[in-house]
Amino acid sequence: MVFFIPSSTSDRHVTEAGLKRPDLSRHLSREARARLPNPIKSIWKVAQVKPGTINMGNGDPHHTLYPVSEMNFVVPSIEDADPVQAWRTGTGGQQVISSYKDEPCALSLRTAFAYGAGAGLQHVRDALSDLNNRIHAPPNHAVSLSLGNADALTKCFRLLGDPGDSFLCEEFTFSAMTNAALPLNIDWVPIRMDKDGLVPSDMERILSNWNEATQGKRPHVLYTIPCSQNPTGSTLSLERRQQIYQIARDWDIVILEDDPYFFLQYDLDISSSTVEQYGFTRAMADALPRSFLSMDYDGRVMRLDSFSKILAPGMRLGWVTSNPFFAEKLDMLTDSSSQHPHGLGQAFIAELLGKHGWGVDGFMKWVSSLCGEYERRRNLFMEVFRREVAQTGYASAEVPKSGMFVWIKIHLDHHPRYRRIENSTGATTNTAELMDELFRKMLDCGLVMMPASTFAIADHRVNFFRATFVGTDETICNGLSIFRRAIEDSLALVGTDETICYNVSDVIHTIEN
């Protein structure tokens with residue numbers, strides 16, 4: 001994998017690879033600087049080094065008293081050519097992978113169910129490091145486990161943010177996460193977006209025009225969702241990623257790369273010859289987007305991955321990849337807060353990625369198959385949207401390249417009550433009021449889409465809805481039928497009781513042909 005090399009490497013610390021790194025310790029919050037290692041966990045870690053050490057220091061229930069000796073997981077057989085389709089239709093085979101307390105397996109339940117360190121069990125971290133290395137090939141990075149990306153992000157905010165700090169983010173973003181920073185008295189500075197995601201020139205403009213005398217300390221953290229940006233569904237191009245990384249380097253910015261949708265990419269050019277010769281992992285690595293992590297020669301990227309979108313959200317298991325210095329500070333925070341992730345999830349992942357489970361290559365085959373199914377649903381959504389909604393002229397949407405979301409623009413200039421008033425400070429509109437009316441009408445009709453106001457950092461340009469295409473074919477078809485009736489009733493003031501929904505099988509047949 002080719003790395004994006006800096007144009008200048010002056011005044012940097014030299015790494016093993018000969019590149020020079022900045023001193024990133026200044027980015028730590030006062031809380032992170034003041035935090036001491038959990039002394040009990042420190043002793044526990046030392047005790048793990050020497051095999052056979054008699055541990056009479058920890059309050060661990062003995063493994064002979066665990067009320068479980070074996071766990072069996074029934075998963076799809078990865079031998080099917082298209083395992084996702086075979087699994088969902090019930091035509092494929094099954095595979096049983098097992099975890100044991102007293103018999104050999106990838107991760108013994110004696111270990112999985114015992115107390116551990118905040119970073120997670122070494123066996124699982126090694127497996128995910130191997131996956132990282134095959135996909136991103138990051139230089140000198142460490143892996144820590146998390147209870148999903150929400151857990152990881154809230155800890156990263158505490159790790160990097162002090163009261164009064166300002167962080168950068170997209171102008172529309174996942175508000176459940178940005179809200180988590182507000183009680184820490186961290187302010188958000190929105191960067192303008194277009195249909196292709198975060199606009200690098202606007203990030204540069206904000207940083208270069210920042211006045212610390214009137215605005216406080218210049219932002220030193222960027223929170224971004226680069227693939228299937230939530231909520232807009234946009235995916236950053238390689239060129240934009242390189243520009244953003246260079247800007248981050250120029251202004252000494254830490255990048256929080258929140259990427260739960262990374263593996264759900266569509267219209268991929270996957271080489272069948274590469275699959276045959278090297279396997280799915282190599283073929284997918286060649287086709288997937290370059291991550292910020294893959295070009296992180298400075299160690300300024302903290303990347304957050306999750307199994308929520310590719311296995312199951314209730315697993316609440318993910319992983320953070322960062323430079324070893326940040327990883328150590330993150331683990332110290334975890335050791336004195338949530339503690340290590342749950343053993344059940346770690347045991348499952350260890351067996352799934354192990355030699356008696358799917359293995360890494362089988363896992364990537366599942367991911368490839370999953371992309372195919374979600375791509376089919378995306379295509380269905382966009383075809384029904386084009387036929388039922390776009391042709392009204394009241395709404396439009398870009399085709400997402402990845403993830404689960406479509407960002408639908410409502411053309412309120414067609415609304416008979418739309419008003420725009422120019423004044424000395426700009427223009428004011430009644431967009432928020434009209435969008436709220438439309439949202440309530442949709443709700444009355446039995447449809448929920450997320451309004452843009454839910455995600456907007458700045459209260460403007462809120463004439464959008466976020467819709468998902470991951471539901472069943474019937475959900476997609478019937479939901480868009482309701483959506484058309486709702487916007488026609490609102491914007492055209494023409495009511496109708498007609499059900500405008502194409503036969504799902506007819507629509508699918510049209511797309512396939």
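The values are calculated or read from the model by the stated rules, or taken from the named source; none is laboratory data. Source: prediction; values computed, not measured. Backbone-built Cβ (ideal geometry, glycine too); neighbour counts: all protein chains shown. The area values use the complete protein model at the heavy-atom level, side chains included, leaving out ligands, DNA and RNA. Shrake-Rupley method; radii C 1.70, N 1.55, O 1.52, S 1.80 Å.
Check region 372-393 and report whether any residue there is farther than 19 Å from Cys477 by Cα and crowded, with 22+ Cβ neighbours inside 10 Å. Looking for residues that are farther than 19 Å from Cys477 by Cα and crowded, with 22+ Cβ neighbours inside 10 Å, one finds none in region 372-393, hence no. Taking the numbered list (1) more than 25 Å from the chain's Cα centre (by Cα); (2) open to solvent by less than 20 Å² (accessible area, probe 1.4 Å); (3) not aliphatic (A, V, I, L, M) in turn, Pro83 passes all entries but (1).
In region 451-480, of all residues being more than 19 Å from the chain's Cα centre (by Cα) and of a type in the set (S, T, N, Q), the one that is surrounded by the fewest Cβ atoms within 10 Å (Cβ to Cβ) corresponds to Thr472. Sub-6 Å Cβ pairs linking a first residue in region 104-115 that is under 15 Å from Asn72 (Cβ atoms) to a second residue that is of a type in the set (S, T, N, Q), at least 6 apart or interchain, are Cys105/Ser99; Leu109/Ser99; Ala112/Gln346, ordered by first then second residue.
Restricting attention to region 199-217, does a residue exist that is β-branched (Val, Ile, Thr), open to solvent by 30 Å² or more (accessible area, probe 1.4 Å), over 28 Å from Met404 (Cβ atoms) and not in a strand (DSSP E or B)? Yes, the conditions are met somewhere in region 199-217. Scanning region 134-155 for residues that are more than 13 Å from the chain's Cα centre (by Cα) and under 20 Å from Ser294 (Cα atoms) gives Arg134, Ile135, His136, Ala137, Pro138, Pro139, Asn140, His141, Ala142, Val143, Ser144, Leu145. On the basis of being outside any helix (DSSP H, G or I) and free of Cβ contacts under 8 Å to residues at least 24 places away in the same chain, does Trp188 make the cut? Taking the combined requirement at face value, the residue does not satisfy it. Out of Leu256, Leu268, one residue alone is at negative phi, out of contact with any Pro (no Cβ under 9 Å at 6 or more places or on another chain) and either crowded, with 23+ Cβ neighbours inside 10 Å or basic (Lys, Arg) (or both). It is Leu256. Residue check: Leu304 meets all listed conditions (1) of a type outside the set (Ser, Thr, Tyr); (2) closer than 19 Å to Leu236 by Cβ; (3) touching a Phe, Trp or Tyr at 6+ places or on another chain (Cβ under 6 Å) but one, namely (3). Tell me the residue from Gly233, Gly279 that is open to solvent by less than 20 Å² (accessible area, probe 1.4 Å) and over 22 Å from the mean Cα position of the chain (by Cα), please. Residue meeting the stated conditions: Gly279. Kindly establish whether Glu383 is closer than 23 Å to Val84 by Cα and of a type outside the set (A, V, I, L, M, F, W, C). Taking the combined requirement at face value, the residue satisfies it. Residues being crowded, with 16+ Cβ neighbours inside 10 Å and either assigned to a loop (DSSP other than H, G, I, E, B) or at pLDDT 95 or above (or both): count how many of those fall in region 101-121. Count: 13. The condition of being touching a strand residue (DSSP E or B) at 6+ places or on another chain (Cβ under 6 Å) and surrounded by 22 or more Cβ atoms within 10 Å (Cβ to Cβ) holds for only one of Gly357, Gly345, that being Gly357.
Count of region 408-434 residues, restricted to those that are modelled with pLDDT under 90, closer than 22 Å to Thr232 by Cβ and polar (S, T, N, Q), is 1.
Could you say whether any residue in region 435-458 is among the hydroxyl-bearing types (Ser, Thr, Tyr) and closer than 29 Å to Lys309 by Cα? Yes; the residues of region 435-458 include at least one that is among the hydroxyl-bearing types (Ser, Thr, Tyr) and closer than 29 Å to Lys309 by Cα.
State whether the residues of region 406-416 include one that is in a loop (DSSP other than H, G, I, E, B) and open to solvent by 30 Å² or more (accessible area, probe 1.4 Å). Yes, because at least one residue in region 406-416 is in a loop (DSSP other than H, G, I, E, B) and open to solvent by 30 Å² or more (accessible area, probe 1.4 Å).
Those residues that are among the small types (Gly, Ala, Ser) and open to solvent by less than 20 Å² (accessible area, probe 1.4 Å), I need them from region 128-145; list them, please. Listed by number, the list holds a single entry, Ser144. Does region 169-183 hold any residues that are in a helix (DSSP H, G or I) and either in contact with a helix residue (DSSP H, G or I) (Cβ under 8 Å, 6 or more places away or on another chain) or open to solvent by less than 30 Å² (accessible area, probe 1.4 Å) (or both), and which are they? The answer is Ser175, Ala176, Met177, Thr178, Ala180, Ala181. Considering Thr392, Thr334, the condition of being modelled with pLDDT under 95, closer than 30 Å to Leu28 by Cβ and β-branched (Val, Ile, Thr) is satisfied by Thr334 alone. Across region 313-331, the qualifying residues are those that are at pLDDT 90 or above and assigned to a loop (DSSP other than H, G, I, E, B), and the one among them that is farthest from Asp23 (Cα to Cα) is Leu317.
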